[in-house]
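Presented below is the structure to which this report refers.
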Protein chains: 2
Amino acid sequence: MNQATLLLLLFLFLFLFRIKEEEEEEEEEEKKEERTMDPDALAKAFVDHYYSTFDSNRAGLANLYQDASMLTFEGQKIQGAQNIVAKLTSLPFQQCQHQIVTVDCQPSGVNGGMLVFVSGNLQLAGEHHALKFSQMFHLIPTPQGSYYVNNDVFRLNYA
Amino acid sequence: MNQATLLLLLFLFLFLFRIKEEEEEEEEEEKKEERTMDPDALAKAFVDHYYSTFDSNRAGLANLYQDASMLTFEGQKIQGAQNIVAKLTSLPFQQCQHQIVTVDCQPSGVNGGMLVFVSGNLQLAGEHHALKFSQMFHLIPTPQGSYYVNNDVFRLNYA
């Protein structure tokens, strides 16, 4: 190996090392961004997660609620993660798809809580027309840095 | 004035005095009832007051909000009582009438706060069809024993 090849190899090594370093910096930046995500983006991420779980595996919603959580579903009040999921999984339809139209978000003013207001369409399998719905969530941060649903109110908007 | 008239007057006086006392007791009872009103009745009373004020004298809503209050009106975020009322009074219609269809209420889990979720119809003067709307309020108790609106999200439900 002559000196020129050695230099070329050294240059290549330094170049690749620099790329790796940059990638690591970018990853670190992304993680940081997630932690300091703006409330609207956070609300949108929650809403996407909530409805995709609802539409694919309703029982999976259980870990979004806690014992103190309340759901008011079409006027019926239900308390506690277990009762809430029992209600949601026993709704008289199997397959459904939520289409989100609007998401509004505000800090609830206490303990880093967040209010999320959603409007959208609910398409039930085998039904011709989608149903319009409005739903609000009060999200409270957990010590683990995530959020749980403390309040949930769901209403169909009859035409 | 003979003794019989005197006795009659005395009796009449005691009788009227007793009626007044009973009325005062009733008033006291009513006030007590208001303070210990169940959340659903309180939410209903707030909603009735809010929309009747909106429909008769929109500027009068100012004292229901505070500086930290937020309104999201059809996606537009507005903060502070003054800005919120400026927005509401500048809406492009003069006369309107809200008809309330559903009121759902939950304790917000902090500081005696209350979440109120409303659906209803909004009839604008001169318009044929009423508009459907959904609105949510986060009410926070004041030291004076009343409530103010900390969060307010309004959305029309387009058909």
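The values are calculated or read from the model by the stated rules, or taken from the named source; none is laboratory data. Since the model is a prediction, treat every value here as computed from it, not as a measurement. A quick note on method: Cβ atoms are made from the backbone with ideal geometry, for glycine too, and the neighbour counts reach across all protein chains shown. Calculation scope for accessible area: heavy atoms of the full protein, side chains included, ligands and nucleic acids excluded. Shrake-Rupley method; radii C 1.70, N 1.55, O 1.52, S 1.80 Å.
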GNM result for chain B, Cα springs below 10 Å: residue of B:E22, B:E74, B:E127 fluctuating most strongly: B:E22
Alpha-carbon centroids, segment A:92-135 and segment B:122-159: separation in whole Å: 18
Accessible area per residue, Å², chain B with all protein chains present, probe 1.4 Å: 61
Exam field: B:E25 pseudo-label spacings to other copies (7 Å along Cα-Cβ), nanometres: 8.2
Using a 7 Å Cα-to-Cβ projection, B:V101 label spacings across copies, nm, ascending: 1.2
Per-residue average of Cβ from other chains inside 10 Å of A:39-52: 0
Point-to-point label distance, A:L9-B:N83, nm (Cα→Cβ direction, 7 Å offset): 6.4
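If one takes the accessible area of chain B alone plus chain A alone and subtracts that of the pair, with a 1.4 Å probe, what total in Å², rounded to the nearest 100, results?
In total, this chain pair buries about 2400 Å².
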Over 24 Å (Cα to Cα) - which of A:K87/A:K132; A:K44/B:K87; A:K44/A:K132; A:K77/B:K87; A:K132/B:K87; A:K44/B:K77 fall in this group: A:K44/B:K87; A:K77/B:K87; A:K132/B:K87
At least 40 Å² of accessible area lost relative to the chain alone, listed for segment B:110-159 with a 1.4 Å probe: B:V110, B:L115, B:F117, B:K132, B:M136, B:N151, B:V153, B:R155, B:N157
Distances in nm from A:N63 to the matching label points in the other copies, shortest first (labels 7 Å along Cα to Cβ): 5.0
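Summarise the accessible area of chain A (1.4 Å probe, protein heavy atoms) by the percent that is carbon and sulfur.
55
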Residues listed by number, segment A:107-121, amide nitrogen under 20 Å from B:E74 label point at 7 Å toward C-beta: A:117-121
Accessible area of B:D40 in the full protein assembly, 1.4 Å probe (Å², nearest 10): 70
Positive-end residue of A:V110, A:Q76, A:I140, charge dipole of segment A:3-159 with Cβ unit charges: A:Q76
B:M70 accessible area, assembled protein chains, probe 1.4 Å, Å²: 30
Surface accessible to a 1.4 Å probe, A:F46 within the full protein complex, Å²: 30
Per-residue [θ]222 nm for the protein assembly as shown (sum of -39500 (n - 2.57) over DSSP H runs n ≥ 4, rounded to 500): -13000 deg cm²/dmol
Within a Gaussian network of chain B (alpha carbon springs, distance under 10 Å), most fluctuating of B:V118, B:V101, B:V110: B:V110
Chain B: DSSP helices with Cα axial extent of at least 27 Å and average Kyte-Doolittle hydropathy no lower than -0.5: none
Shape category assigned to segment B:44-119 from the gyration tensor of Cα positions, a/c cut at 1.5: oblate
Top of A:L14, A:L71, A:L61 by mean-square fluctuation, Gaussian network on chain A, Cα under 10 Å: A:L14
Solution diffusion estimate, µm²/s, Stokes-Einstein, segment B:1-134, Kirkwood Rh from C-alpha pairs, 37 °C, viscosity 0.692 mPa s: 174
